[in-house]
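Novice: This is the structure, below, for whatever I ask next.
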Amino acid sequence: MSRVLVINAGSSSLKYQLLDPATGEVAAAGLVERIGEEGSTLRHTVGESVLRRAVPIPDAAEAFAQLSAAFAEAGPDLQAQPPVAVGHRVVHGGTRFSAATVIDDDVLATLEDLTPLAPLHNPANVVGIRAARAAFPELPQIAVFDTAFHRTLPPAAYTYAVPKQWREDYSVRRYGFHGTSHEYVSRRVQSLLGRDDVATVVLHLGNGCSACAVLDGQSIETSMGLTPLEGLVMGTRCGDIDPAIPFHLARVAGLSVADLDTALNKQSGLKGLAGDNDFRAVVELADAGDADAIAAIDVVVHRLIKYIGAYAAVMGRLDAIAFTGGIGEHNPALRAAVLSRLAVFGVAVDEAANAAPAAGERLVTGPGSRVSAYVIPTNEELQIARECVALLSR
Ligand code: ADP
């Protein structure tokens, strides 16, 4: 059995899974939280049993030490049965990386050079890779990029109408993110429909949100851009705005570049509209009659419909819509609000199927619907593990 240890290193957390890419079976999963903060914890789950540790974890190196200790104590034994690779989720691959890549010193140096493109994400990924290499020096370490699935975007979709020098000297273009999720979910749609020539809009709706137009298995348009700030309304990110809004605020309110960066990345989206970045909390407020929360959900739905319509036009047809991510998977009201406004495409939602308290993959449109809408729980870890073994077998 060849298992892969998949690592998703954030700025203060580290998620991991040891899984079998052939079967998807998860041998162990864990989460290290509050790294470098007060009250850091580790949770390591093997089947039904959960190991919890509340210990100081000042940095990624200690996170790996604790993770290794958890495997030694609660299993599976990584010494007796080592994984074939450690797969790392890396947010930004820039123009240099368009596929999974074995990490050596050169690759690591290039990843560090990409920091200006993804200052909020890539540094944490790189710290995680360094710590993993030190903890598991004998294993191949592989980077799997959030941007890679979007390597097939045509120039018309990835080009911004900005000065040539920005595009050529500063790598300014649309890259797109959540690629691992969009790839996994769109492949599942192909499999459920039993054919590859499918025009799908995938809606990944979590804390970060993005839409992707997947035509015959290839990403041809996506809503995030140079950074994960563009596109849909997110938990704390604004998504699309007039690019002149920051200049206006700089002039009328004296905001600095740093102020604007923080405001648009951390204080906008649902938080800016409704005061809370968590969609569940916004729904509760709306249900209680809160006018801001009701308006926030209207903005979210409007933006989604706009993107679906645009992507159907770009693809020339629309066969399927797939909802994934925490919100997409768990909020039937949002799915119903979106789908019920897509009658122009022949979408006929199955209210009962959509509202059923089910888990797992499911169809939420009725038999007469010209477009099939699905809920598909994403599985980025499985996709990363598969890409690792595919790369190793080449
Ligand atoms: P991330 O993008 O960090 O992976 P998730 O995919 O877990 O995040 O999505 C987080 C979002 O999903 C939050 O806005 C949360 O409110 C929402 N969410 C999670 N579970 C539910 C649920 N049962 N009902 C409605 N929303 C949910």
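The values are calculated or read from the model by the stated rules, or taken from the named source; none is laboratory data. This one's a predicted model, so the numbers in the text were calculated from it and none came from an experiment. Positions of Cβ are generated from backbone atoms using ideal geometry, with glycine treated the same way; all protein chains shown enter the neighbour counts. Areas reflect the complete protein model, heavy atoms only, side chains present, ligands, DNA and RNA absent. Shrake-Rupley method; radii C 1.70, N 1.55, O 1.52, S 1.80 Å.
Novice: Within the range 187-238, which residues are among the hydroxyl-bearing types (Ser, Thr, Tyr) and open to solvent by less than 10 Å² (accessible area, probe 1.4 Å)? Give the steps one after another, and end with the answer.
Specialist: Of all residues in the range 187-238, those among the hydroxyl-bearing types (Ser, Thr, Tyr) come to 191, 200, 210, 219, 222-223, 227, 236.
Scanning the range 187-238 gives 200, 210, 219, 222, 223.
Novice: In this structure, does residue 342 turn out to be under 14 Å from residue 205 (Cα atoms), among the hydrophobic types (A, V, I, L, M, F, W, C) and either away from the ligand (no atom under 15 Å from the Cβ) or out of contact with any Cys (no Cβ under 7 Å at 6 or more places or on another chain) (or both)?
Specialist: Taking the combined requirement at face value, the residue does not satisfy it.
Novice: I've got another one for you. Run residue 298 past the list (1) open to solvent by 60 Å² or more (accessible area, probe 1.4 Å); (2) within 16 Å of the ligand (Cβ to nearest atom); (3) under 22 Å from residue 330 (Cβ atoms) and report the number of the one that doesn't hold.
Specialist: (2)
Novice: Let me ask something else about it. Identify, please: which residue in the range 209-225 is in a loop (DSSP other than H, G, I, E, B) and in contact (Cβ under 8 Å) with a residue 60 or more places away in the chain and is, among those, farthest from the ligand (Cβ to nearest atom)? Show your work before the answer.
Specialist: The first filter runs over the range 209-225 and keeps only residues in a loop (DSSP other than H, G, I, E, B), leaving 216-217, 223-225.
Of the ones still in play, those that are also in contact (Cβ under 8 Å) with a residue 60 or more places away in the chain are 223, 225.
Working: 223: 14, 225: 18 Å.
Selected residue: 225.
Novice: So which helices (runs of 4 or more DSSP H) are wholly in the range 245-289 and hold at least 2 residues that are within 28 Å of the chain's Cα centre (by Cα) and within 16 Å of the ligand (Cβ to nearest atom)?
Specialist: Details: elements: 245-253, 257-266, 269-274, 279-287.
Where helices (runs of 4 or more DSSP H) fall fully within the range 245-289 and carry at least 2 residues being within 28 Å of the chain's Cα centre (by Cα) and within 16 Å of the ligand (Cβ to nearest atom), they are 257-266, 269-274, 279-287.
Novice: Let me ask something else about it. Are any of the residues in the range 165-175 more than 16 Å from the chain's Cα centre (by Cα), among the hydroxyl-bearing types (Ser, Thr, Tyr) and either at negative phi or more than 16 Å from the ligand (Cβ to nearest atom) (or both)?
Specialist: Yes: the range 165-175 contains one or more residues that are more than 16 Å from the chain's Cα centre (by Cα), among the hydroxyl-bearing types (Ser, Thr, Tyr) and either at negative phi or more than 16 Å from the ligand (Cβ to nearest atom) (or both).
Novice: Sticking with this one: Which pairs turn up if I take residues in the range 344-372 that are acidic (Asp, Glu) and look for partners that are assigned to a loop (DSSP other than H, G, I, E, B) with beta carbon separation below 8 Å, at least 6 apart in sequence or on another chain?
Specialist: Here the result reads 350/364; 350/366; 350/369; 361/376; 361/377, each pair linking the range 344-372 to a residue that is assigned to a loop (DSSP other than H, G, I, E, B).
Novice: Here's something else I'd like to know. Go through the range 301-340 and give me each residue that's open to solvent by less than 10 Å² (accessible area, probe 1.4 Å) and either free of Cβ contacts under 8 Å to residues at least 24 places away in the same chain or of a type in the set (S, T, N, Q) (or both).
Specialist: Residue satisfying the conditions is 324 alone.
Novice: Report those strands (runs of 3 or more DSSP E) wholly inside the range 1-98 carrying at least 3 residues which are open to solvent by 60 Å² or more (accessible area, probe 1.4 Å) and more than 23 Å from residue 126 (Cα to Cα). Walk me through how you get there before you give the answer.
Specialist: On the way: elements: 4-9, 14-19, 26-33, 41-46, 49-54, 85-90.
Where strands (runs of 3 or more DSSP E) fall fully within the range 1-98 and carry at least 3 residues being open to solvent by 60 Å² or more (accessible area, probe 1.4 Å) and more than 23 Å from residue 126 (Cα to Cα), they are 49-54.
Novice: Just one of the numbered conditions (1) in a loop (DSSP other than H, G, I, E, B); (2) more than 21 Å from residue 143 (Cβ to Cβ); (3) open to solvent by 10 Å² or more (accessible area, probe 1.4 Å); (4) touching a residue at least 40 places away in the same chain (Cβ under 8 Å) is not true of residue 241; which one?
Specialist: With (1) in a loop (DSSP other than H, G, I, E, B); (2) more than 21 Å from residue 143 (Cβ to Cβ); (3) open to solvent by 10 Å² or more (accessible area, probe 1.4 Å); (4) touching a residue at least 40 places away in the same chain (Cβ under 8 Å) applied to residue 241, the lone miss is (4).
Novice: For the range 115-170, give me the residue count where each residue is closer than 30 Å to residue 32 by Cβ and part of a helix (DSSP H, G or I).
Specialist: Residues of the range 115-170 that are closer than 30 Å to residue 32 by Cβ, as a first pass: 115-150.
When the remaining residues are screened for being part of a helix (DSSP H, G or I), the result is 115-117, 122-135, 148-150.
Number satisfying all stated conditions: 20.
Novice: Are any residues in the range 359-374 part of a loop (DSSP other than H, G, I, E, B) and of a type in the set (Lys, Arg), and if so, which ones?
Specialist: Of the range 359-374, the ones part of a loop (DSSP other than H, G, I, E, B) are 359-361, 364, 366-371.
Scanning the range 359-374 gives a single hit, 370.
Novice: Restricting attention to the range 281-292, does a residue exist that is of a type in the set (Gly, Ala, Ser), surrounded by fewer than 20 Cβ atoms within 10 Å (Cβ to Cβ) and closer than 30 Å to residue 196 by Cβ? Steps first, please.
Specialist: Residues of the range 281-292 that are of a type in the set (Gly, Ala, Ser), as a first pass: 281, 286, 288-289, 291.
Adding the requirement that they be surrounded by fewer than 20 Cβ atoms within 10 Å (Cβ to Cβ) leaves 281, 286, 288-289, 291.
Of the ones still in play, those that are also closer than 30 Å to residue 196 by Cβ are none.
No, there is no match, as no residue in the range 281-292 is of a type in the set (Gly, Ala, Ser), surrounded by fewer than 20 Cβ atoms within 10 Å (Cβ to Cβ) and closer than 30 Å to residue 196 by Cβ.
Novice: Could you check the range 176-205 and list, in sequence order, the residues that are over 19 Å from residue 362 (Cβ atoms), of a type in the set (A, V, I, L, M, F, W, C) and within 16 Å of the ligand (Cβ to nearest atom)?
Specialist: Answer for the range 176-205, where residues must be over 19 Å from residue 362 (Cβ atoms), of a type in the set (A, V, I, L, M, F, W, C) and within 16 Å of the ligand (Cβ to nearest atom): just 177.
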